[in-house]
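Asker: Here it is, the structure in full.
The values are calculated or read from the model by the stated rules, or taken from the named source; none is laboratory data. Owing to the predicted nature of the structure, the values given are computational and were not obtained by experimental measurement. Note that we place each Cβ from the backbone using ideal geometry, even for glycine, and neighbour counts take in every protein chain shown.
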Amino acid sequence: MNLTQKIQQGIRENLTLEDLLPTRMPVYVNSLAYLFGVSALSSLVVLALSGVIMAIFGPTWYHDSSTGHFINSVHFWGVQLLFFSLLAHVLTKIFMSAWRDGRWKTWFVGTITFVIAALAALTGFLAQTNWDSQWIAVQAKDLMNAVGLGALFNPMNIGQVLSIHLIVLPLLIAALVGIHLLLVRREGPVKPIPEQGASDE
């Protein structure tokens with residue numbers, strides 16, 4: 001059996017069409033607690049689109065042009081919405097004990113994605129190419145040196161910062177979000193914690 005056949009067999013065994021494109025969802029997903037993951041995903045799409053536009057036209061455009069200012073603001077506020085949604089998503093899943101019923105892999109991938117998103121936010125602030133980013137770069141350089149990572153990442157090197165922010169971290173985040181969503185689709189939404197004495201059906 002070749003690699004393609006193994007991948008096809010793995011998909012058939014682990015993901016049905018109903019898993020990937022469900023026509024019916026459990027009634028409990030109507031709760032607000034299940035909304036924050038979708039809002040985080042939506043803001044991630046906005047960030048990707050606005051980020052691509054900013055990368056195409058460059059810093060001069062988004063600093064000097066009114067349209068560029070608007071796209072830059074959309075990107076900035078998309079970050080705020082993303083982290084609000086991520087924090088709310090993480091907190092609701094902690095209180096729901098979302099790692100129950102063998103969902104620890106979904107939880108683990110989500111946690112790693114959150115950490116990498118925080119690194120993407122740091123490199124994004126460093127890539128603003130203004131006085132604010134210079135101040136953040138100086139402080140971040142001290143932090144990197146203090147934790148022993150200064151030889152690997154120099155926050156004051158704009159070339160390195162842009163490469164990490166525009167290429168490395170977005171690809172990592174996209175891959176991890178894809179894995180996270182596949183795990184959620186395969187395992188289904190986590191059930192609410194049953195009341196004491198109630199059946200877990």
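Asker: In the list 80, 134, which residue meets the criterion of being assigned by TED's automatic domain parsing to the domain that holds residue 35 and free of Cβ contacts under 8 Å to residues at least 60 places away in the same chain?
Answerer: Residue meeting the stated conditions: 80.
Asker: Hey, residue 118 hits all of (1) small (Gly, Ala, Ser); (2) surrounded by fewer than 17 Cβ atoms within 10 Å (Cβ to Cβ); (3) not in a helix (DSSP H, G or I) but one; which does it fall short on?
Answerer: Just one mismatch for residue 118, condition (3).
Asker: Has region 59-67 got at least one residue that is farther than 25 Å from residue 157 by Cα and either hydrophobic (A, V, I, L, M, F, W, C) or part of a helix (DSSP H, G or I) (or both)?
Answerer: Yes, there is a match, as at least one residue in region 59-67 is farther than 25 Å from residue 157 by Cα and either hydrophobic (A, V, I, L, M, F, W, C) or part of a helix (DSSP H, G or I) (or both).
Asker: Please determine, by comparing only the residues of region 83-127 that are without any contact (Cβ under 8 Å) to a residue 60 or more places away in the chain and of a type in the set (Ser, Thr, Tyr), which one is farthest from residue 46 (Cα to Cα).
Answerer: Ranking the qualifying residues of region 83-127, first place goes to 92.
Asker: Would you point out the residue of region 146-163, among those that are outside any loop (DSSP other than H, G, I, E, B) and β-branched (Val, Ile, Thr), that is surrounded by the most Cβ atoms within 10 Å (Cβ to Cβ)?
Answerer: For region 146-163, the residue satisfying everything is 161.
Asker: What residue, among those in region 121-132 that are over 10 Å from residue 158 (Cα atoms) and modelled with pLDDT of 90 or more, is surrounded by the fewest Cβ atoms within 10 Å (Cβ to Cβ)?
Answerer: 121
Asker: Now a separate question. For residue 143, state whether it is in a helix (DSSP H, G or I), at pLDDT below 90 and closer than 26 Å to residue 91 by Cβ.
Answerer: Judged against the criteria, residue 143 is a match.
Asker: Right, another one. Give the number of residues within region 76-98 that are hydrophobic (A, V, I, L, M, F, W, C), in a helix (DSSP H, G or I) and more than 15 Å from residue 48 (Cβ to Cβ).
Answerer: 9
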